[in-house]
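The values are calculated or read from the model by the stated rules, or taken from the named source; none is laboratory data. All values derive from a computational prediction rather than experimental measurement. All Cβ positions, even for glycine, are placed from backbone atoms using ideal geometry, and neighbour counts span all protein chains on display.
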Amino acid sequence: MAVKANVFDLQGQLNKVAENFPMFQILNEEGEVVNKAAVPDLSDEQLKELMRRMVYTRILDQRSISLNRQGRLGFYAPTAGQEASQLASQFALEKEDFILPGYRDVPQIVWHGLPLYQAFLFSRGHFHGNQMPEGVNVISPQIIIGAQYIQCAGVALGMKKRGKKSVAITYTGDGGTSQGDFYEGINFAGAFKAPAIFMVQNNRFAISTPVEKQSAAHTLAQKAVAAGIPGIQVDGMDPLAVYVAVKEARERAVNGDGPTLIETLTYRYGPHTMAGDDPTRYRTSELDNEWEKKDPLVRFRKYLEGKGIWNEEIENQVIEEAKEDIKNAIKKADETPKQKVTDLISHMFEVLPQNLEEQMEIYKAKESK
């Protein structure tokens, strides 16, 4: 028996879902306020501090790329272009909140308290780069795509069970939303109303695959619907919009209303990582130029200059401060004792199994020569 045509308005259903996820923005590309009612109540000093961190981090990115090319850093994923998404989200957190970063999210954990020299050691694969200081609530950047979403759900549930008034926040890129761990993490956190914030930094390319080929979803924020949690799409080049979105998500979480998924529309100006990626093979110069006009530093600089609280002299001071800090941090990283094989083995288990005990003795003998 034939089924009547058009019983279900399936395309209409999809369209209605997409309509519920408009991009949230406060500052346009010219640094002009386009959503006055949403402007956050930040003091001039707080605004300047956020800009300082963004400028500092742009310099850190430039120097890290140079250090990588010199062979003085190991794995490195450039961050230029994503400063608003990364730093404004961290700026909305409290010290007791827990950050579970992806591999591009080193800036957030540095500003959350990880000493810069240890961030450099992490890049080199040194165990001390993964030993977080007491009171710094971060874990090492996750290399496995999307795995931090599972971890975030668990950390957030632990906070809830302990009655903590804090949140766990994690980050992935647009490619991470194609992973099973992404769905499992948001679904678990939603089911238990865990105080989690799930950030999706949509920089349009999962290495070389454009977001349009990763998912048929009109937005990545709407993937929250399947988990029964709120989703928000934000202009990720607008630091004020990112700050407001994360601040509100944090308030929801600590008040017992559960997790939020936030998609930030952003762009990475450099390669995916410094491990041989060539973005000119999959990105057009036209697209690069389009997003360069949306540069979060340029946008925020214009806004602060318009308020009379930022100028070239202040920015140059920040640049020199960043260069000096980076020079001292890389020197301290260089002075850290080289990692030995026995160091690596000794940090794998509290009690070594027999096979590693045997290997430990072998390498102790080699290293003593």
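Can you report the number of residues in region 23-34 which are out of contact with any strand residue (DSSP E or B) (no Cβ under 6 Å at 6 or more places or on another chain) and part of a loop (DSSP other than H, G, I, E, B)?
So the count comes out to 7.
The selection criterion, being free of Cβ contacts under 8 Å to residues at least 40 places away in the same chain and either surrounded by 22 or more Cβ atoms within 10 Å (Cβ to Cβ) or under 15 Å from residue 263 (Cβ atoms) (or both), holds for residue 146.
For residue 10, the criteria (1) farther than 30 Å from residue 74 by Cβ; (2) surrounded by 10 or more Cβ atoms within 10 Å (Cβ to Cβ) hold in every case but one, which is (2). Going through (1) without any contact (Cβ under 8 Å) to a residue 60 or more places away in the chain; (2) crowded, with 17+ Cβ neighbours inside 10 Å one by one, residue 71 falls short only on (2). Scanning region 255-287 for residues that are among the hydrophobic types (A, V, I, L, M, F, W, C) and closer than 20 Å to residue 234 by Cα gives 261, 262, 265, 287.
Residues that are touching a residue at least 40 places away in the same chain (Cβ under 8 Å), crowded, with 17+ Cβ neighbours inside 10 Å and in the same structural domain as residue 57 (by TED's automatic domain parsing) number at least 3 in the following helices (runs of 4 or more DSSP H) confined to region 287-359: 296-307, 312-335.
Candidates 18, 37, 2, 77: the one that is modelled with pLDDT under 95 and either touching a His at 6+ places or on another chain (Cβ under 9 Å) or part of a helix (DSSP H, G or I) (or both) is 18.
Of all residue pairs spaced 6 or more apart or on separate chains, those with beta-carbon atoms under 9 Å, a first member in region 208-220 that is over 11 Å from residue 18 (Cβ atoms) and a second member that is basic (Lys, Arg) are 208/281; 208/283; 210/204; 210/283; 211/204; 212/204; 215/223.
Those residues that are closer than 25 Å to residue 146 by Cβ and outside any helix (DSSP H, G or I), I need them from region 241-263; list them, please. Hits for region 241-263 are 257, 258, 259, 260, 261, 262, 263.
Among the residues making up region 80-91, those that are surrounded by 21 or more Cβ atoms within 10 Å (Cβ to Cβ) and part of a loop (DSSP other than H, G, I, E, B) are 81, 82. Taking region 142-157 as the range and being in contact with a Pro (Cβ under 9 Å, 6 or more places away or on another chain) and closer than 17 Å to residue 202 by Cα as the test, only 148 passes.
Conditions tested, residue by residue: (1) small (Gly, Ala, Ser); (2) buried (at least 22 other Cβ atoms within 10 Å of the Cβ); (3) touching a residue at least 24 places away in the same chain (Cβ under 8 Å).
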| site | (1), (2), (3) |
| --- | --- |
| 121 | no, yes, yes |
| 134 | no, no, no |
| 155 | no, yes, yes |
| 166 | yes, no, yes |
| 169 | no, yes, yes |
| 179 | no, no, yes |
